[in-house]
1. Taking the range 89-113, which residues are in contact with a helix residue (DSSP H, G or I) (Cβ under 7 Å, 6 or more places away or on another chain) and modelled with pLDDT of 90 or more?
2. For the range 33-62, how many residues are surrounded by 14 or more Cβ atoms within 10 Å (Cβ to Cβ) and basic (K, R)?
3. For the range 81-125, which residues satisfy the criterion of being surrounded by fewer than 16 Cβ atoms within 10 Å (Cβ to Cβ), more than 16 Å from F39 (Cα to Cα) and in contact with a strand residue (DSSP E or B) (Cβ under 6 Å, 6 or more places away or on another chain)?
4. Counting only residues that are in contact with an Asp or Glu (Cβ under 9 Å, 6 or more places away or on another chain) and within 25 Å of E126 (Cβ to Cβ), how many does the range 61-75 have?
5. Test L143 against the criterion of being out of contact with any Cys (no Cβ under 6 Å at 6 or more places or on another chain) and closer than 16 Å to G40 by Cα, and give yes or no.
6. Given the structure, is Y146 surrounded by 14 or more Cβ atoms within 10 Å (Cβ to Cβ) and either assigned to a strand (DSSP E or B) or of a type outside the set (A, V, I, L, M) (or both)?
7. Looking at the range 132-148, I want the residues that are more than 12 Å from S91 (Cα to Cα) and have a partner that is open to solvent by less than 70 Å² (accessible area, probe 1.4 Å) with Cβ atoms under 7 Å, at least 6 apart or on another chain. Which pairs are those?
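The values are calculated or read from the model by the stated rules, or taken from the named source; none is laboratory data. Since we're looking at a predicted model, the values are computed, not measured. Here the Cβ positions follow ideal geometry from the backbone for every residue, glycine too, while neighbour counts run over all protein chains shown. Just the protein is used for accessible areas: all its heavy atoms, side chains included, with ligands, DNA and RNA removed. Shrake-Rupley method; radii C 1.70, N 1.55, O 1.52, S 1.80 Å.
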Amino acid sequence: MGEPVNDLDEEFESHFYNIFYVKQNAEETKCDPSIIEYFGVLALTDVRAPERKLWYIYYCKQPDIDETVERIFQKYGKKNMCELFRKPIYSGVSMRSRVKKHFAELKWYVKGNLLEAPPKSHYNDERMAKVISDLYFEERKMLYDYICMSHKAYNRYP
């Protein structure tokens, strides 16, 4: 019928090595999953004022996700929160600053890790998730462009 997916991946990998003129590494690269950072957004409902639109942003390393989220749940109440977004990111600090800057420019109340929309804002959880994912992809594109630029500069000078 067809080749297994792994063979196809290996074939694509060999073609990409040829396209970008990169020497294949004979040894396996070791990746430590504990150094991966995650960025997330939690929707927060204020029981005393349900019309307020609040979101909490956080970032942490992979092994610390459970205790970070648990600490946030203890502070604000587990019933009042739901997770909208969680993705691995190169730098949680830069993603946090990008998100805070974006919403500060929209004249939102931004303090610490808490984001509050203006009272008559049209933002809801779906729109917030879309904006955060757009910012996430901008961050990834910036990193991708940097890697491509470095690769071109490296190939230019032998």
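1. Scanning the range 89-113 gives R98, V99, H102, V110.
2. Going through the range 33-62 one residue at a time, the tally reaches 2.
3. If the condition is that a residue be surrounded by fewer than 16 Cβ atoms within 10 Å (Cβ to Cβ), more than 16 Å from F39 (Cα to Cα) and in contact with a strand residue (DSSP E or B) (Cβ under 6 Å, 6 or more places away or on another chain), then A104, Y109, D125 are the ones that fit.
4. Taking the range 61-75 and keeping what is in contact with an Asp or Glu (Cβ under 9 Å, 6 or more places away or on another chain), we get 61-62, 69.
Filter once more, keeping what is within 25 Å of E126 (Cβ to Cβ): 69.
Qualifying residue count for the region: 1.
5. On the way: out of contact with any Cys (no Cβ under 6 Å at 6 or more places or on another chain): yes; closer than 16 Å to G40 by Cα: no.
So L143 does not fit the description; no.
6. On the way: surrounded by 14 or more Cβ atoms within 10 Å (Cβ to Cβ): no; either assigned to a strand (DSSP E or B) or of a type outside the set (A, V, I, L, M) (or both): yes.
No: the conditions fail for Y146.
7. Qualifying pairs under 7 Å: I132/V41; I132/F85; I132/V99; S133/F85; L135/R98; L135/V99; L135/H102.
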